[in-house]
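Take a look at the structure below.
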Amino acid sequence: MLSIEIIIVLFIALILLLGIVLGGYFQQGKFIAELTQTLESNNATQSPLNFKHTPRAFKPLVRNLNLFQQNNPITLERDKLTGLSNRVGFKRKMFAKMPATEGMLVLVDIQQFRFVNDLFGFIFGDQLLKAFALRIKGLNNPPQFVSRMNGNEFLLFYPKAISVNELSNIKQHLQKPFDIEQTPISIKVQLGVLELHDHHADVSLMLRRLDLALKKPSSAETISHFIIKMMTKLNIVN
């Protein structure tokens, strides 16, 4: 028969063992909560997962999550419809180039695009946007990267400034008729152009200048592009 002392020792040992087990579960639960919070916050920055203490059982999971993050496209920066970079992706790429003092930004606007959706439906409009994105990527003088900034605006980055004739050729090529669901459709585009050599600034300011360039064509019969330095002469751009 066990003595009272042995029973007490065994009881204390059982309590300690139970505490260790429960403590382990508590630590794991706490780590899972921290992991979840970190994953949610890292969606915007895509920075590696880093913890002061990672339980041994979770180290393979954290390692593979970091590898997955490195080897897969950043969906937050990708336009789901066209597969191009979106506004967030464009800003990240431009931040990596700062200070960007050479090259050219070309903002392409499909004019009156809402009428396409009104007349033919959103599915038809989506197919046209995807075809338009493919046409941009297939330009004879392709940009280094292209982003879809919103519904009907696309932004092209050229590491070196291109000529007015090249801009005109881009416009004419993008305006060639499309065949969507066996329906021929023609579009008109307008270009806003920013030469970085003369007008480099922070990314937000460059985007504002591009919007101004797009909305202030030099004349009604323009080839739909407007070099930003013309606006400077008119004191339109600050």
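Length gain on complete extension for the stretch Ala161 to Lys215, per 0.36 nm per residue less the alpha carbon to alpha carbon distance?
Working: separation 54, 0.36 × 54 = 19.44 nm, distance 2.09 nm.
Full extension from Ala161 to Lys215 adds 17.3 nm.
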Checklist entry - What do you reckon, how do His173, His197 stack up by accessible area (1.4 Å probe), largest on top? => result His197, His173
Item to check | Computed magnitude of the charge dipole of the range 71-177 (debye, nearest 20; Cβ of K, R +1, Cβ of D, E -1) | outcome: 240
Next on the checklist: Order Ser186, Ser204 by their accessible area, 1.4 angstrom probe, all chains in place, largest first.
Outcome noted: Ser186, Ser204
Checklist outcome for this item: Distance in nm between Asn50 and Asn66 label points, each 7 Å along Cα→Cβ, equals 1.0
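The values are calculated or read from the model by the stated rules, or taken from the named source; none is laboratory data. These figures come from a predicted structure and were not determined experimentally. All Cβ positions, glycine included, derive from the backbone under ideal geometry; neighbour counts span all protein chains shown. Areas reflect the complete protein model, heavy atoms only, side chains present, ligands, DNA and RNA absent. Shrake-Rupley method; radii C 1.70, N 1.55, O 1.52, S 1.80 Å.
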